[in-house]
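To keep things clear, I will list the structure first and then write my remarks on it.
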Amino acid sequence: MKRKIVSTLLALFLSLQLAIPVMGAESYSNFSERVSYEGQFSDVMETDWFAPYVEQGFEYGLIKGSTETQFAPNGQLTIAQCITIAVRLHSIFMTGEELDVTGDSEGQWYTSYVNYAVEQGIIPSEYNNYDVIAMRHEVASIFSRALPQGAISQIREVEDNAIPDVSMEDGFAPGVYALYRAGVLSGSDDAGSFYPYSSIKRSEIATICVRIADPTKRSSEALTFKTQSQLEEPQEVQDTVVVEQPQKTEETVAGNQPQEAENTVLTAKQIAEKCSPAVFYIETYSFNGSLRGSGSGFFISEDGLAVTNCHVVTNSIHVKITTHDGTVYDDVEIIDYDGENDLVLLRVKGGSFPYLEMGNSDTVKQGEKVYAIGSPLGFDNTLSEGIISNPNRIMGDMRYIQISVPIDHGSSGGALIDETGKVIGVTSSGIDESTADLNFAIPILDIKGLNQQSAEGLYVWDCVYYPGFSQALDFEYFSGLSLVTIDVTPISYHETYDLSEFYDVCDLTAADCFYELVYQYGVALKAEGFTETYLGDSFYLYDTETESIFIDYNWQDKGIIDVYAGRKVVYFEGFDTVGKLLPDFGWYTQMEIFYGPTEVDEAIMYVYDWSEHYSFEEFGDVLFSYFDSLELLDYEYLGYSCEDSMEMYQFANDELWVFIVHEAPYVTIAVYEI
């Protein structure tokens, strides 16, 4: 019987290999539909200009979504991801197949792609950091070499130095001009500008890929470029009054004018004197009453309306601020928030607060001098200066103002101020590993979507889930408590916490904090789709169709909190009696089935291709974790065998005999009725 099963599995693998078409070498015809696009990406509408490119690029196997159902067209790619796509283009063009990275376990996930790119001249040398967001000039350099020399040929005239913001003296100019001349790129505005130091969207990357792979999609239309002087020429506008701006004089710079003009440029000293009193230091406290962290914020009205980042105050039971003059305010409420744009409105009870005047974050320009006031690393009211590096940096689905102003942890929620003393942004983040002051602020005009008239006190929490879960919020992260014990299985977490770890904070007692945690965690779970059942004696059950959380708040009995979070097992269809239940491998690994289910010699077979989801080493861990889940469900491990490169594992219960066969990159689940 065993020999027959092995022969059957070998025959199946052979049939799968024969089903893969063999392509010709070095040909555009090698680019063809590999997978079918059926509207998987809910954020790509048919009417979007980039929709055909996303569809074709996906079908060619060149690009993938950010998730199974989202493409994130406004998102960005790292250097490593761009190199990976360029390698796919080159490898498919040359051989008809993607680069085979099966079995690679050394280095980062992208190591093989980088090595291939260097060997094939796609990149001339290795980058210092592959995890940073790719700039447009880097994208052009990489993709202009994605096919062999001569394959991306010129189809239209673009004179040297014609592109307004790309000089032939720039090191990246050859790549940019090659793609313009080949009809792959046509510029980002009416002037034909390239914006080399800006980031590039995923939708644009999809377009570039398809135009490289499919020459019929390239544009041969002649381009008209405008010089910088033509761009800056004033247009005739009727009934427009031109107001001459005052010139900077020694008096103006020194701040000796009795009255500041509306747009007077201020010195750093004047900025500090004018704006620092409106910026404050924030301390936040977790639901157990312990200090959670610190940040910054600033007033935007005299009556105590203030702004900070959402992430500064999430998972906090209490917010306390200290103003410029050292006054502490404990009566602070969150009245509205925007989690997507990371903004929060606070109401500080009091009056006659100094506040910042709002500027126009939509009109800021690259190179303008700006100032940040905040509390980096807790050093309150720190002033620093820099320039706007990019006024329109798109990261994910968010727009930021990229700045060179030094900020650090604790600067979050602080004020980004222009030279006239107006706030134009909320300082929010930076890239920790960078030494180039790559920092970001959220445009101040984004707060227009918040309800400034709200009087309701709110709590805000981060949706941080247990690993492998999509609804169950991580209790440790939510509460601020420290784990006492934890027991992890492939499908569950069992944790305990010490109830003595609750503290008094402001006018809240430790008991108040405990009860507020119990209530707010329940509110947060219900917002995630859980139904709540109170079982009495401090027992709570929260349930969805796929996950469950059981909590025992034993505060009077054992002095601990018991939390159990579990994923409800999804079983393969076709085994409908209790003794035959077999956990669905696709559910467990979150992979779609590659082939099957199919019946072969009395067995039902399911085949998965893990190469798009895991490295060889990662998949090994996943596979053995699945074995653990079988043993938890009373399957007996019968043994292991290996023939050539095919590994076979056997499990059984009273009614099913399960063979799990691994021959990279495929894994087959074969199930026999006993």
Original post:
List pairs: first in region 128-157 and exposed (fewer than 13 other Cβ atoms within 10 Å of the Cβ), second part of a loop (DSSP other than H, G, I, E, B) and acidic (D, E), Cβ under 8 Å, 6+ apart or cross-chain?
Top reply: N129/E433
Original post:
Any idea how many residues of region 610-631 are in contact with a helix residue (DSSP H, G or I) (Cβ under 9 Å, 6 or more places away or on another chain) and of a type in the set (G, A, S)?
Top reply: 3
Original post:
Looking at this structure, is V505 under 18 Å from E476 (Cα atoms), surrounded by 12 or more Cβ atoms within 10 Å (Cβ to Cβ) and aliphatic (A, V, I, L, M)?
Top reply: no
**OP:** Scan region 622-659 residue by residue and report those that are among the β-branched types (V, I, T) and in contact (Cβ under 8 Å) with a residue 40 or more places away in the chain.
**Re:** V658
**OP:** Report, by residue number, each residue of region 297-344 that is surrounded by 19 or more Cβ atoms within 10 Å (Cβ to Cβ) and aromatic (F, W, Y).
**Re:** F298, F299, Y337
Original post:
In this structure, is D504 under 30 Å from I388 (Cα atoms) and either modelled with pLDDT of 90 or more or not aromatic (F, W, Y) (or both)?
Top reply: no
Subject >> Filter result (in a loop (DSSP other than H, G, I, E, B) and closer than 27 Å to M646 by Cα) within region 105-124 >> reply: S105, E106, G107, Q108, W109, Y110
Original post:
When only residues in region 475-488 that are more than 27 Å from the chain's Cα centre (by Cα) and under 20 Å from E547 (Cα atoms) count, which is modelled with the highest pLDDT?
Top reply: I486
**OP:** Confirm whether V569 is assigned to a loop (DSSP other than H, G, I, E, B) and within 27 Å of I486 (Cα to Cα).
**Re:** yes
Original post:
Looking at region 1-104, what helices (runs of 4 or more DSSP H) fall wholly within it and have at least 2 residues that are buried (at least 20 other Cβ atoms within 10 Å of the Cβ) and modelled with pLDDT of 90 or more?
Top reply: 51-59, 79-95
Original post:
Which members of region 125-158 meet the condition of being part of a loop (DSSP other than H, G, I, E, B) and among the acidic types (D, E)?
Top reply: E126, D131, E157
Original post:
When Y497 is evaluated against the numbered criteria (1) part of a helix (DSSP H, G or I); (2) aromatic (F, W, Y); (3) within 30 Å of E631 (Cβ to Cβ), which criterion, by number, is the only one it fails?
Top reply: (1)
**OP:** Quick one: in region 173-216, of everything that is among the acidic types (D, E) and in a loop (DSSP other than H, G, I, E, B), which residue is nearest to Q70 (Cα to Cα)?
**Re:** D214
Original post:
Residues S276, S229: which one is modelled with pLDDT under 90, among the small types (G, A, S) and not in a strand (DSSP E or B)?
Top reply: S229
Original post:
Restricting the first residue to region 530-546 and requiring it to be under 20 Å from S470 (Cα atoms), which pairs with a second residue that is of a type in the set (G, A, S) and part of a loop (DSSP other than H, G, I, E, B) meet a Cβ separation below 7 Å and a spacing of at least six or different chains?
Top reply: T544/G529
**OP:** Select the strands (runs of 3 or more DSSP E) contained entirely in region 582-674, then report the ones holding at least 2 residues which are surrounded by 14 or more Cβ atoms within 10 Å (Cβ to Cβ), in the same structural domain as E98 (by TED's automatic domain parsing) and under 33 Å from the mean Cα position of the chain (by Cα).
**Re:** none
**OP:** May I ask you to list the residues in region 513-545 that are crowded, with 16+ Cβ neighbours inside 10 Å and not aromatic (F, W, Y)?
**Re:** C513, E516, L517, V518, Q520, G522, A524, L525, E528, S538, D543, T544
Original post:
Only one residue in D380, D397 is acidic (D, E) and under 29 Å from N74 (Cβ atoms), so which one is that?
Top reply: D397
Original post:
Only one of these conditions is not met by I155: (1) in contact with a Ser or Thr (Cβ under 8 Å, 6 or more places away or on another chain); (2) at pLDDT below 90; (3) among the hydrophobic types (A, V, I, L, M, F, W, C). Which number is it?
Top reply: (2)
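The values are calculated or read from the model by the stated rules, or taken from the named source; none is laboratory data. Everything numeric here is computed off the predicted structure, so don't read it as measured data. When we count neighbours, we look across all protein chains shown, and the Cβ atoms used for this are built from the backbone with ideal geometry, even at glycine.
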